[in-house]
Each structure stands twice: as structure tokens, then as C-alpha cells.
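A quick write-up on the structure given underneath.
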């Protein structure tokens, strides 16, 4: 196997230092990220013939066109940087968590006077308590609904001062303690929230004991209404506690991690044991695990999972021993604050837990594969139906759909969504701000959007810019172009395609929402797809997604315009100061709540302008 002179030169200049290396292909896309104690030795090992027996190494080396390295002071820093770069670039040869998204967490705003509880997908250093991550947002919602019967926490946005004249409905149905009307004191409310936090931490025995003590104290004081509320909470808590399985008499906090894989698919199961009880389990699907050994799969998951985890237990039970165990333990100790042990039990109770997690991973993976195969069959069926019904030259593997959103001719925007093999490819979505159309003219707006889309296609294919990822995306033509509308929008799309010489290369259709009729060029009447056909379901899904994407963009622009107009009305605030204020505070509400001193601390905002902002807002 031969390498470019450029790569050979880079191999000679690698330092003997710890750090992270990035391998790029000819299009400058990062295809692999790794870390090393000795960069020179580790990277050069990929290019020895003995390493090419590994299919993964051979594939990487065959594609690599450029090397990049970042030197760090220690292997621990390299491990942290490696995890960040994998999350950022998502290289296809690294083992990585499937779905580039943030997982949901339960957030308790502990720093607030009256803490609220809700679901978030972002952890911040704001004094709040976080629990997660979880893989299913719907399951987290169900968990909170269940816990709210035991711990009636706040969910509203009221400013709580205890002086409100009337509570909301949640107080009447006992899903809120009513701090807004002074029905409970701050201490009583925070005691309840403390119980919720303890319960989420697995300390359910303490929660039960505290509730029993509070109920007894309320009864002794003849506060029977308070005692009855605590009694109901206690009953609800005991129902949940009875469902928790005791798996350890030691009362320890542990995570149990095991995985299963088949034909390149991999699924990791994590059991969360808190206080000796199995509180729950989550599964995570991995990509890029085909040619990786078991140790490599587990190590990659551990680094990515605990990078985002809200809590690190003192012990993690694993299926396999990790080569990087010591450095990962150091990293986890830094996150937890105390010692963390990665243990691979060989026998006994702990080995049974690992085996149970592995068995669950295998069952979960089998169920997921069955679902994926069923979905793939439906997708193939849908594409075949569209080919036949719309008289297409081939099944439309890549489909692009366009929609326009406006309100009385203002802030006109267009959306482009892309489906590949009947699955949304969100990385290829695009948004357009319509600039040449001033009135509410959907036809002219659609024409501008399509002209810009295919203008970028022409640029990407006529100039030598195909090396950039953005240009490659624009250079791909759809197998079916869909516009939201009827014959009029279809005519616009046909005109644009003819202007770019694509009339015979890009099939086009319009989907009219009124009767779900599909219009095709050259046909006298619409194509009526069967109401329960997979082909129609797919067209509706891509049309609805384009509509959602356009509306989301339009709302964002309207909101920004509203913020800008209010700030611009303040004397002394122009575009530069407006931008500086929004960058510093994040929202108009935060600017309103800021003091004059805080406003004046923003660069280029003098004290008199800060006072003007406070007076006007």
C-alpha cells in the first residue's frame, strides 16, 4: 500500500509527546480521531504492513490524505480532548453513540428559592441538580408524572411570593403544594424537593422515613390537612419503592455496563444501581463498531457516556477489562471528586449483574434489529410505490421538498428538507431568507428559493470547489423534487429546472394538501395515491417536515425582529450594542432583569446608555 509524499513527510515529523491525532480524507473530512501517549509511535504503527490485517486499520490507511495532531501535557488531557473531538466531528471510523443529539435529563433548579423540576437536554453550571442521561424523553415524562403524585413540584413560570389571590388547577388536584398563595412555606417546599432529589438518587428508605416523621408531627399538632397530604405522598412513594428491585444488600451505588452486537450493529445496556436498588436501565446504540474488538467498544462507550453523565458512581462493573482502565479511572475520579473503580467481576453476585445486563443488551438489540428491518421493508415498499405511481425512472432514493412560510408578506422564508432512503437527513436541511419578494407571493418566493438552490448546484459542479463538504451537498441532485402546493407551484419548479437545463434529469412533483393530490408535469389530472399506501405516507411525512422546518425558521426570525425592534427603540442602542447585549445576556427578558451596573459592564455600553435601557425596558 502506497501513501502520498505529504503523509510520509508528516509521519517523519510527529513528536514523541502525548496528544490527539486526527486523520482526514481527500475531502478534508475527519475520518478518525485517536489519542496516544507517544504520538510518533502510535500514528506510525497504522502504516506498518503488520497492522493492515485489521480491516478497520486498512480502511483508514487507504483513505487517509492528511494528518493533524494536537499535543497535550498528559494522557489524561488527551483522553478528554479525544472525547470532545469525536463528539464534534463524529468520524465514521470511531465507535460513537448513534444519533447526534443531546439526551434528556431531569433538572431540579436547586439554586432557586422555590425549585422547579423539568426536562432539559443541556447541562449547565447553574447550581441545579441533574439526573440522567436518559434515552427516551417519553419515559422521562412518565417518570415525572409518576413522581409528581408523590412530590407535587412547581411547573409554572409564576414569580412565587406567596401573595397570589388564586392558585392554578394543579393545586386543586394536589399536584402542587401552592407556594404561590402561601399554602406552604419555603422550608416546607424545599423539604419536599429534597425528598424528590433523594428519591432520584436512590435513597428511597430515607424518603419514606422522613415522610413518616413529618406525617406523625403534623398529626401531633392536629394539622390533619397537612397530615393527609403527607399520607397520600407516602402511599405514592411506597408504590414506586415496591417496584424497585433490590440487587445488593451492601447498599452500594454502581453502574453495570455490558453490550451485545450482531452484523455490525451494537447495543450497550447500562443498569443504574443506587443504594443497592436497581433504579432503572437505559440502552444506547453504537455506530462504527463493526471491526472494533470488545475492549475498544466498551472503552469508546465509557468515555462518551460519562462525558455527558450527570452522576458517576464509585464503582462501574464491566464486561471486559479495558486497556485504558487506569487513565479512565483518573478521569472519572476528576469528574466525581472521589475514587472510581472499573471492575470486571469473574464470579459471584456482581458477575451475575454483568451477565444480566449483557442478556438484556442482546434482547434489546434483537428487538431493535427486527424493528429496523420492518422499517426498511416499509421504506422500500414506499419508494417502489412512488416509482410506479409517479412514473419515475428509478426509486427516488434522495428526495428534496420545499415549502414557503410568511405572515402577511413579511419575513418570507423557504425550507429545503432532504430524505435519503425514506429517512430524514437533517444535516442536509437548508433554510432560505427570501430577499427579492416584498409581497405575499408564494410563487415568486418558491422561484427564488429554487433558483438559489440550483444556482449553488451549478457553482458546485462548474468550479473546482468539490473538496468542501458544503459544495458536495449542493452538487447532489435529487431523484425527486417535491414542492408543497398545486399546479401553480409545479409550474414554477418546471420553469426553474428548464432554466438550469435539468428538466430531463430531475423529476418533479407537487403535493396539494387539500385532497392529498400529487401533480406531475404532462399529466392532465392529479395522481391519487391509495390513502393507506406507504408511498403517500412518505410524501406526507416529507411535506409536513418541510412545513415544520419553514415555520420554525419563520418564528425565529419574527422573535429576533421583535427583540431587535424593542432594543433599537432605546436611545443610544444601535446594531453593535444590541448584538453585544444579546451576546452577554442571551435574551430580552434577561436584559430587562439586569441591573444598571450589569448592563454597563457590557463592552461599549456606557453608564448613561445602560440607564436608558433600564428606563425604556
Scope the range 20-40; condition without any contact (Cβ under 8 Å) to a residue 60 or more places away in the chain and farther than 19 Å from residue 288 by Cα; matching residues | 36, 37, 38, 39, 40
Just checking, how many residues over the range 19-39 are more than 31 Å from the chain's Cα centre (by Cα) and surrounded by 17 or more Cβ atoms within 10 Å (Cβ to Cβ)?
-> 1
Count of residues meeting criterion [part of a loop (DSSP other than H, G, I, E, B) and either touching a residue at least 60 places away in the same chain (Cβ under 8 Å) or over 19 Å from residue 422 (Cβ atoms) (or both)] in the range 528-543 | 3
For residue 365, indicate whether it is touching a strand residue (DSSP E or B) at 6+ places or on another chain (Cβ under 7 Å) and part of a strand (DSSP E or B).
-> no
Picked from the range 95-108 (must be touching a strand residue (DSSP E or B) at 6+ places or on another chain (Cβ under 6 Å), in a loop (DSSP other than H, G, I, E, B) and crowded, with 18+ Cβ neighbours inside 10 Å), the residue modelled with the highest pLDDT is 95
Among residues of the range 71-94, those that are more than 18 Å from residue 304 (Cβ to Cβ) and surrounded by fewer than 17 Cβ atoms within 10 Å (Cβ to Cβ), counted | 3
From 283, 306, residue being in contact with a strand residue (DSSP E or B) (Cβ under 8 Å, 6 or more places away or on another chain), crowded, with 18+ Cβ neighbours inside 10 Å and at pLDDT 80 or above = 283
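Quick one: which of 266, 310 is assigned by TED's automatic domain parsing to the domain that holds residue 329, closer than 25 Å to residue 89 by Cα and part of a loop (DSSP other than H, G, I, E, B)?
Details: 266 fails: part of a loop (DSSP other than H, G, I, E, B).
From the options 266, 310, the qualifying one is 310.
Name the single residue, out of those in the range 453-472 being modelled with pLDDT of 70 or more and buried (at least 16 other Cβ atoms within 10 Å of the Cβ), that is farthest from residue 485 (Cα to Cα). Working first, answer last.
Within the range 453-472, the first condition is being modelled with pLDDT of 70 or more, and the residues that meet it are 453-461, 472.
Applying the additional criterion that residues be buried (at least 16 other Cβ atoms within 10 Å of the Cβ) yields 453-454, 456-457, 460.
Values: 453: 18, 454: 20, 456: 24, 457: 24, 460: 28 Å.
Looking at residues that are modelled with pLDDT of 70 or more and buried (at least 16 other Cβ atoms within 10 Å of the Cβ), I get 460.
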Criterion (crowded, with 17+ Cβ neighbours inside 10 Å and either at pLDDT 80 or above or farther than 28 Å from residue 429 by Cβ (or both)) met by exactly one of 594, 590, 580 | 594
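Regarding the range 166-175, can at least one residue be identified that is within 23 Å of residue 271 (Cβ to Cβ), modelled with pLDDT of 80 or more, not in a helix (DSSP H, G or I) and not assigned by TED's automatic domain parsing to the domain that holds residue 311? Explain how you work it out, then say what you get.
Step one: list which residues in the range 166-175 are within 23 Å of residue 271 (Cβ to Cβ), which gives none.
No, because not a single residue in the range 166-175 is within 23 Å of residue 271 (Cβ to Cβ), modelled with pLDDT of 80 or more, not in a helix (DSSP H, G or I) and not assigned by TED's automatic domain parsing to the domain that holds residue 311.
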Qualifying positions in the range 137-165 - part of a helix (DSSP H, G or I) and over 27 Å from residue 102 (Cα atoms) = 149, 150
Identify the single condition in (1) buried (at least 20 other Cβ atoms within 10 Å of the Cβ); (2) at pLDDT below 90; (3) under 32 Å from the mean Cα position of the chain (by Cα) that residue 46 does not satisfy, given that it satisfies every other one.
-> (3)
Matching entry among 374, 370, 358 (being in a helix (DSSP H, G or I) and either at pLDDT 90 or above or within 30 Å of residue 474 (Cβ to Cβ) (or both)) = 358
Across the range 10-28, what is the number of residues that are at pLDDT below 90 and farther than 12 Å from residue 68 by Cα?
-> 3
In the range 147-156, is there at least one residue being without any contact (Cβ under 8 Å) to a residue 24 or more places away in the chain and loosely packed, with under 14 Cβ neighbours inside 10 Å?
-> no
Checked the range 286-303 for anything touching a strand residue (DSSP E or B) at 6+ places or on another chain (Cβ under 7 Å) and surrounded by fewer than 19 Cβ atoms within 10 Å (Cβ to Cβ); matches are 287
Of all residues making up the range 419-441, the number that are in contact (Cβ under 8 Å) with a residue 24 or more places away in the chain and in a strand (DSSP E or B) | 5
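The values are calculated or read from the model by the stated rules, or taken from the named source; none is laboratory data. Please read these numbers as outputs of a predicted model, since none were measured by experiment. Cβ atoms come from the backbone with ideal geometry, glycine included; neighbour counts cover every protein chain shown.
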